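The values are calculated or read from the model by the stated rules, or taken from the named source; none is laboratory data. Since we're looking at a predicted model, the values are computed, not measured. Neighbour counts run over all protein chains shown; Cβ positions are idealised from the backbone, glycine included. The protein model used for the area step is the full one, side chains on, heavy atoms only, and it has no ligands, DNA or RNA in it. Shrake-Rupley method; radii C 1.70, N 1.55, O 1.52, S 1.80 Å.
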Amino acid sequence: MTEPEDIPGYPIPRDPRCPLDPPAAYLRPQRSAVLPRVRIWDGSRPRLVTRYDDAVQALGDSRFSGNFRLPGFPHSSASSAAKLERVLAYPFREDAVHQSQRAMLMREFTPRKTEAMRPGVQRIVDDTIDAMLAGQRPADLVSAFALPVAILVICDLLGVDDEEDRQVLHGLCRTMGSRTTPPEEASGALRALEGYFHQLVESQLRGPGKGLVGRVVVERVRSGELSHEDAAAMTQMLFHAGHGPSAYMIATGAAALFAHPEQLAAFRALDDTGPAVAELLRYTTVAHNAMPRVATEDIVIGTTLVRAGEGVMIQLDAADRDPSAFPDPHRLDIRRPPSRNLALGHGPHQCLGRALAHIELQVAFGTLFRRIPELRLAVPLTELPFKDNENLVGLHNLPVTW
């Protein structure tokens, strides 16, 4: 089969006329079983995975490694390696110790335990809406709702209760998340985050401990099951992964509903918003940068032989718009039967807090549109300022009124 032409200039910006959709250049290869190559910043040419079944295979196959220190691992930007070094290497580890530590955390995110967090999430969402209603109109749904809800939920879980600390942590994560951050600045933000979470673990070791950090992480350090360094790395990973994607998903999900008034009306009438949230996750998959992997053995995906040492870029947003997996994939349909979307990943590195994320989104969307039934955009949809320089798809702001 003929090798397709390379896709140049990865990552490709989204079309400002349809910013909720993946770039068309990532969708066209779905018509072929041959994986195209993309040219990334350093001139290397990893394979691009855009079909759903291929993405599931690549994410679930241990022969595709997330070890970013292996030769051939495809970094999406010049600062990617700097961002992944040190404590952010933690979620990419694949050794037996890490698997044991991940299993330890998974016991804290069972459906039963996460469901027990729903009242706390509800309180946070209600308090945040109260503050927004008491403020000025129009309001920015990002800064007044999506971001504070996401930060408060993860900080409440971890035991970070200082408001100034929460905002500082968010700013450092944004610095690291931007593809345009210079490597030295990304390294500085990473060192600051590392220092904060080392201090958090240390302070909780001296006291009774609060939240998940005090309940689980610190206790494992005291018992000798977990090193101080791994405890800090684990806590940082939970914060980093637990607030940014949630905030972006709340904002982009709301924008998608505003863009489809008939779907918003149907959403308001739902008793069970679970399937609708799954559809919003699929439709607005916020992962703009691909999940990078490198093959440790020769592996066939589709009709393509990926050689050992070759990199692959697994494009989750494109896979969630694959017509072979989701009929009429570019249509938002909140009554679509629940499906296994890839918005929160798949395989051994799937998001630990996916059950909590679903609860957070159900409570956020359900409460927001129930308590403010007349909520609407304060600017035309075409004027919404979507971000195009970060690893995730998001909005700078989302002006709303009521």
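Out of the residues in segment 96-155 that are among the basic types (Lys, Arg) and under 12 Å from Val363 (Cβ atoms), state the one that is most open to solvent (accessible area, probe 1.4 Å).
Per the criteria, the residue is Arg123.
Would you pick out the residues in segment 222-276 that are assigned to a helix (DSSP H, G or I), closer than 27 Å to Gln204 by Cα, open to solvent by 10 Å² or more (accessible area, probe 1.4 Å) and not small (Gly, Ala, Ser)?
The answer is Arg222, His228, Glu229, Asp230, Met237, Leu238, His240, Pro245.
Can you tell me which of (1) touching a residue at least 40 places away in the same chain (Cβ under 8 Å); (2) out of contact with any helix residue (DSSP H, G or I) (no Cβ under 9 Å at 6 or more places or on another chain); (3) in a loop (DSSP other than H, G, I, E, B) is the one Pro22 doesn't meet?
(2)
Could you list, in sequence order, all residues of segment 31-58 that are modelled with pLDDT of 95 or more, in a helix (DSSP H, G or I) and of a type outside the set (Phe, Trp, Tyr)?
Asp53, Asp54, Ala55, Val56, Gln57, Ala58
What are the residues in segment 1-51 that are open to solvent by less than 50 Å² (accessible area, probe 1.4 Å) and of a type in the set (S, T, N, Q), if any?
Within segment 1-51, Gln30, Ser32, Ser44, Thr50 qualify.
Name the one entry in Gly242, Gly224 that is at pLDDT 85 or above and within 21 Å of Gly171 (Cβ to Cβ).
Of Gly242, Gly224, the one residue that is at pLDDT 85 or above and within 21 Å of Gly171 (Cβ to Cβ) is Gly242.
Which condition does Arg137 not pass, out of (1) in a helix (DSSP H, G or I); (2) of a type in the set (Lys, Arg); (3) at pLDDT 85 or above, if it passes all the others?
(1)
Could you tell me which of the residues Gly159, Gly188, Gly211 is within 30 Å of His288 (Cβ to Cβ), open to solvent by less than 50 Å² (accessible area, probe 1.4 Å) and under 24 Å from the mean Cα position of the chain (by Cα)?
Matching residue, one of Gly159, Gly188, Gly211: Gly188.
Consider Glu219 carefully, then state whether it is crowded, with 18+ Cβ neighbours inside 10 Å and of a type in the set (Asp, Glu).
So Glu219 fails the test.
Of the conditions (1) part of a helix (DSSP H, G or I); (2) in contact with a Phe, Trp or Tyr (Cβ under 8 Å, 6 or more places away or on another chain); (3) crowded, with 22+ Cβ neighbours inside 10 Å, Val168 satisfies every one except a single condition; which number is it?
(3)
Quick one: what pairs do we get from segment 53-75, first residue of a type outside the set (A, V, I, L, M, F, W, C), second at pLDDT 95 or above and part of a helix (DSSP H, G or I), C-beta under 9 Å, 6+ apart or different chains?
Listed pairs, sorted by first residue: Asp53/Ala319; Asp54/Ala319.
Within segment 185-220, track down each residue that is of a type in the set (Lys, Arg) and part of a helix (DSSP H, G or I).
Residues satisfying the conditions are Arg191, Arg206, Arg215, Arg220.
Does at least one position in segment 293-306 carry a residue that is within 22 Å of the chain's Cα centre (by Cα) and farther than 23 Å from Arg31 by Cα?
yes
Within the set of pairs 6 or more residues apart or between chains, which connect a residue that is farther than 12 Å from Arg371 by Cβ inside segment 104-132 to a residue that is outside any helix (DSSP H, G or I) with Cβ atoms less than 7 Å apart?
Leu105/Leu352; Met106/Leu352; Phe109/Leu352; Phe109/Gly353
As an exercise: evaluate Asp162 against (1) within 17 Å of His243 (Cβ to Cβ); (2) modelled with pLDDT under 90; (3) in contact with a Gly (Cβ under 9 Å, 6 or more places away or on another chain) and give the number of the one condition it does not meet.
Every condition holds for Asp162 apart from (3).
What are the pairs, 6+ residues apart or on separate chains, where a residue within segment 249-273 that is in contact (Cβ under 8 Å) with a residue 40 or more places away in the chain and over 21 Å from Thr382 (Cβ atoms) has its Cβ under 6 Å from a residue that is open to solvent by 10 Å² or more (accessible area, probe 1.4 Å) and of a type in the set (S, T, N, Q)?
Short answer, once both residue conditions are applied: Thr273/Gln362.
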